[in-house]
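Report on the structure given below.
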Amino acid sequence: MTLAATLKFLIAAVTRGSSLSVLSCVLLATAGLPAHAQSALSRTTLDAIKQRGNVRCGVSDHLPGFSAKDANGARTGFSVDVCRSLAAAIFDDPSKVVYTPLTVETGFAPLVSGTIDVLARANTWTLAREAGLGIQFAYVNYYDGQGFMVRKSRGVVSARDLGGTRVCVQRQSTSALNLADYFRANALNYEEVALPSEVEVAAAYDEGRCDVVTSDISRLHSERLELKAPDEHVILPDVIAKEPLGPAVRNGDDQWLTVVKWAHFAMVDAEELGVSQKTLSAELNSERAKTKRLLGSYAALGEALGLSNDWVARIIHHVGNYGEVYERNLGRDSKLAIPRGLNRLWTEGGLQYAPPMR
């Protein structure tokens, strides 16, 4: 089976839910590759990016806080900063990114086919996606959960009060599956109003075509900002499912996967060490071994990634550490003002934890 035929079959089979047959197809398609060919494939993406001069990045089209255009037409957001950090590490220039707006229905095919290098939109890491689509999630940069938003006028205080309602949800998303599971488990009836994109889901809810909207809680915060009367809506306290969000790359891109992973870990480690955009200049002269390793003046870790040894300093200078990126886009310095919660550093009771940079 040719690569093109394999990809076509793979995507179609996952859409049908046939993850096992897809995995078998992937194994058959790659089993005959010699070791030297697999090694070459693992270096292809980073080499191509350097030669091309930009990172091709898939993001959400319009999701304030994660990916949206500002008044000047520049794309900003938490997911966008994933792309910017990679461009900063490789080129010392965060603007060297080509953005491709994608939905959950269209997001994975461009990654599998090679049209984009990394899928940075807020995707939930699941077994079916990783095993069935031929992709690998690099890390979790946002620990989220699925919830519900309703109009305050309904007087609803719990998701268990939502029986008999019309619920807007994005089609073919993990949210749709979790919604069905939750209502079935609690013996509640509902009418699903499934739409293909986040924008259409939010618009349908705002127009009153459904009584409730369900999605990742971070997305609900974002969508509430776009409603006609944001203060008239409330996000319920219930969390009905885990939603670990993070970027993904293609299977076989081992070197590129390592670069994507460690760009995030470096930003987490920088926050833990107190290295930020404000302190970077001073920290470049630090005598602490951990800081020297992080910023490239003590160990040649960048070379092992195929990058310059100051790659982390480039990220911090242009984009910031993890905490700065969070607060600027989603936290206290943003309109969303979402508390960090599980996304605090492990030293502060959260789940953001980076392996040692040594």
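The values are calculated or read from the model by the stated rules, or taken from the named source; none is laboratory data. Values in this document were obtained by computation on a predicted structure and should not be read as measured data. Note that each Cβ is placed from the backbone with ideal geometry, even for glycine, and that neighbours are counted across all protein chains shown. Note: accessible area is taken over every heavy atom of the protein model, side chains too, but ligands, DNA and RNA are not part of it. Shrake-Rupley method; radii C 1.70, N 1.55, O 1.52, S 1.80 Å.
Overview of results
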| quantity | calculated |
| --- | --- |
| Which numbered condition Glu327 misses (of (1) acidic (Asp, Glu); (2) assigned to a loop (DSSP other than H, G, I, E, B); (3) surrounded by 14 or more Cβ atoms within 10 Å (Cβ to Cβ)) | (2) |
| In the range 69-127, residue nearest to Ser173 (Cα to Cα) [restricted to those that are touching a Cys at 6+ places or on another chain (Cβ under 8 Å) and hydroxyl-bearing (Ser, Thr, Tyr)] | Thr100 |
| Selection from the range 155-175 of residues that are charged (D, E, K, R) and in contact with a Cys (Cβ under 7 Å, 6 or more places away or on another chain) | Arg166 |
| Scope the range 318-341; condition in contact with a strand residue (DSSP E or B) (Cβ under 9 Å, 6 or more places away or on another chain) and either of a type in the set (Phe, Trp, Tyr) or over 19 Å from Val97 (Cβ atoms) (or both); matching residues | Tyr322, Gly323, Tyr326, Leu330, Arg340, Gly341 |
| Hey, Val98 crowded, with 17+ Cβ neighbours inside 10 Å and either more than 29 Å from Leu225 (Cα to Cα) or touching a residue at least 12 places away in the same chain (Cβ under 8 Å) (or both) or not | no |
| Residue within the range 200-210 that is more than 20 Å from Tyr143 (Cβ to Cβ), small (Gly, Ala, Ser), surrounded by 14 or more Cβ atoms within 10 Å (Cβ to Cβ) and touching an Asp or Glu at 6+ places or on another chain (Cβ under 6 Å) present | yes |
| Residue within the range 226-239 that is surrounded by 21 or more Cβ atoms within 10 Å (Cβ to Cβ), under 20 Å from the mean Cα position of the chain (by Cα) and closer than 14 Å to Gly147 by Cβ present | no |
| Flag if Thr214 is part of a strand (DSSP E or B) and more than 22 Å from Arg84 (Cβ to Cβ) | yes |
| The listed residue being surrounded by 23 or more Cβ atoms within 10 Å (Cβ to Cβ) and under 18 Å from Asp70 (Cβ atoms), out of Val319, Val312 | Val319 |
| Enumeration of residues in the range 45-87 that are assigned to a strand (DSSP E or B), touching a residue at least 12 places away in the same chain (Cβ under 8 Å) and not basic (Lys, Arg) | Val55, Cys57, Gly58, Val59, Ser60, Leu63, Ser67, Thr76 |
| Residue within the range 350-358 that is of a type in the set (S, T, N, Q) and part of a helix (DSSP H, G or I) present | no |
| Residue within the range 335-342 that is over 20 Å from Val260 (Cα atoms) and in a helix (DSSP H, G or I) present | yes |
| Matching residues, the range 71-95, being among the hydrophobic types (A, V, I, L, M, F, W, C) and open to solvent by 20 Å² or more (accessible area, probe 1.4 Å) | Ala71, Ala74, Ile90, Phe91 |
| Sole exception among (1) open to solvent by less than 60 Å² (accessible area, probe 1.4 Å); (2) in contact with a Cys (Cβ under 6 Å, 6 or more places away or on another chain) for Phe66, by number | (2) |
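Yes/no per residue for (1) outside any helix (DSSP H, G or I); (2) open to solvent by 30 Å² or more (accessible area, probe 1.4 Å):
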{"site": "Gly246", "(1), (2)": "yes, no"}
{"site": "Leu257", "(1), (2)": "no, no"}
{"site": "Glu272", "(1), (2)": "no, yes"}
{"site": "Val275", "(1), (2)": "yes, no"}
{"site": "Lys292", "(1), (2)": "no, yes"}
{"site": "Ala304", "(1), (2)": "no, yes"}
